[in-house]
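The values are calculated or read from the model by the stated rules, or taken from the named source; none is laboratory data. Since this is a predicted model, take the numbers as computed values, not measurements. Cβ coordinates were reconstructed from backbone atoms using ideal geometry, including for glycine residues, and neighbour counts include every protein chain displayed.
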């Protein structure tokens, strides 16, 4: 088809691209060229990609185009563009972890997620940026500089899946994968109007599993998150912390919450107070669940400040263990905010470190117990809307606790799935995400409810993706 008649891929989801590929009305090569042009236009300002090799993108897209022409695609999504976060291993490529330290480790093999994407024929546009050691909720990095929000570059991308969120919002293809240990998928989701799922523990296998760590999708729509989960949520023996899950039904049929028991948590019991506009948007979202026939009731705070503080202090010690190995010259290369943040972990005794580590288990226990009676739990993703892109955190004191993750981190520790989905837009244009959490292993149902919420929330709550230049 002629170039002038080619649909703008940035406005098409993976389902529409798959239909075009199957019909022969659009090829993966045509889509790749449009995405590459978009990257070239927006990257100088947004800074979402760490590794980006256009020639390889073109070659992979050409191979997908040939497979479709031969009637032998690798999957329905063969040729759909996407990205992976820089800490998701791609064989032969460096993994600097967002820091400017020299000689970053080179991945010897692909991570499971990368393997699954390539097996499906997904064209990897690049590896996306992250802040130093993934321990910031922004796109500020000693290696990359500042990654900016794709909707409004003056605002933060969120983090630590910074580039992933911005790549999704800016239209660098439909499929983007980040990682999350305290909110690092859902925070960019909330602050960039995306659907962003932290799945059940180990449902997406990791080659470097760790308590609370998960990989998951950041997409413009719930349907694309479901499609991406159908590709990457498959068992892999390299994840030694995972469990056996029933086979998921990645249905695109929206599921109204009629008859479900739904809790609404508006106070996390720790951290920052919820901003009034955010609170009003979440309350309005909860009312839509009640209108649809759900049994909706309030849920009191269940994780106290001492538990959140203890977990954050353990993370300080864990990062200090990395910092301690560096020479004074190398320490100078790490973001000063991170150096000050983790240096506070040097003074804990061995016993204090163990007690801080135990806070992750206590948080898991408290979260599972409090949420067990419910099919779904609604809350803000984070108490605050997007802040300035140059700020490392919404709280700029490195010795303060992470008071913006009080709603997200409990579900990392408990292993339960939790999704951020756009619930509203503040008067100044900043997006607000609704967090919907569910029992462990209920990811497919959770995403169908999120898909329903998209149909119920109203146009005023949605980002007009076609208007994103």
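Listed here are the residues, each with its yes/no results for (1) within 19 Å of residue 95 (Cβ to Cβ); (2) over 16 Å from the mean Cα position of the chain (by Cα).
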{"site": "113", "(1), (2)": "yes, no"}
{"site": "123", "(1), (2)": "no, yes"}
{"site": "131", "(1), (2)": "yes, no"}
{"site": "134", "(1), (2)": "yes, no"}
{"site": "141", "(1), (2)": "yes, yes"}
{"site": "147", "(1), (2)": "yes, no"}
{"site": "150", "(1), (2)": "no, no"}
{"site": "155", "(1), (2)": "no, yes"}
{"site": "158", "(1), (2)": "no, no"}
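Looking at segment 270-280, can you tell me whether even one residue there is touching a residue at least 60 places away in the same chain (Cβ under 8 Å), under 30 Å from residue 175 (Cα atoms) and either surrounded by 21 or more Cβ atoms within 10 Å (Cβ to Cβ) or not assigned by TED's automatic domain parsing to the domain that holds residue 413 (or both)? For segment 270-280, residues touching a residue at least 60 places away in the same chain (Cβ under 8 Å), under 30 Å from residue 175 (Cα atoms) and either surrounded by 21 or more Cβ atoms within 10 Å (Cβ to Cβ) or not assigned by TED's automatic domain parsing to the domain that holds residue 413 (or both): present.
Conditions tested, residue by residue: (1) in contact with a helix residue (DSSP H, G or I) (Cβ under 9 Å, 6 or more places away or on another chain); (2) within 30 Å of residue 339 (Cβ to Cβ).
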| residue | (1), (2) |
| --- | --- |
| 26 | yes, no |
| 34 | yes, no |
| 50 | yes, yes |
| 54 | yes, no |
| 58 | yes, no |
| 81 | yes, no |
| 89 | yes, yes |
| 104 | no, yes |
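Among the residues in segment 145-152, are any out of contact with any helix residue (DSSP H, G or I) (no Cβ under 7 Å at 6 or more places or on another chain), part of a strand (DSSP E or B) and touching a residue at least 12 places away in the same chain (Cβ under 8 Å)? There is at least one residue in segment 145-152 that is out of contact with any helix residue (DSSP H, G or I) (no Cβ under 7 Å at 6 or more places or on another chain), part of a strand (DSSP E or B) and touching a residue at least 12 places away in the same chain (Cβ under 8 Å). Please work out if residue 184 is within 10 Å of the chain's Cα centre (by Cα) and either in a strand (DSSP E or B) or surrounded by 24 or more Cβ atoms within 10 Å (Cβ to Cβ) (or both). Yes. For segment 345-360, a residue qualifies if it is surrounded by 16 or more Cβ atoms within 10 Å (Cβ to Cβ) and either in contact with a strand residue (DSSP E or B) (Cβ under 9 Å, 6 or more places away or on another chain) or in a helix (DSSP H, G or I) (or both), and the qualifying residues are 345, 353, 356, 357, 359, 360. The set of residues from segment 361-390 being surrounded by fewer than 18 Cβ atoms within 10 Å (Cβ to Cβ), within 22 Å of the chain's Cα centre (by Cα) and assigned to a loop (DSSP other than H, G, I, E, B) comprises just one member, 390. Looking across segment 121-136, the residues that are assigned to a loop (DSSP other than H, G, I, E, B) and touching a strand residue (DSSP E or B) at 6+ places or on another chain (Cβ under 8 Å) come down to 122, 129, 130, 131.
Here's the yes/no breakdown for (1) surrounded by 21 or more Cβ atoms within 10 Å (Cβ to Cβ); (2) in a loop (DSSP other than H, G, I, E, B):
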| position | (1), (2) |
| --- | --- |
| 206 | yes, yes |
| 224 | yes, no |
| 251 | no, yes |
| 256 | no, yes |
| 263 | yes, no |
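Restricting segment 14-59 to residues that are outside any helix (DSSP H, G or I) and within 21 Å of the chain's Cα centre (by Cα) leaves a set whose member that is surrounded by the fewest Cβ atoms within 10 Å (Cβ to Cβ) is 51. Among the residues of this structure, residue 87 does not count as one that is under 22 Å from the mean Cα position of the chain (by Cα), surrounded by fewer than 22 Cβ atoms within 10 Å (Cβ to Cβ) and either modelled with pLDDT of 95 or more or not in a helix (DSSP H, G or I) (or both).
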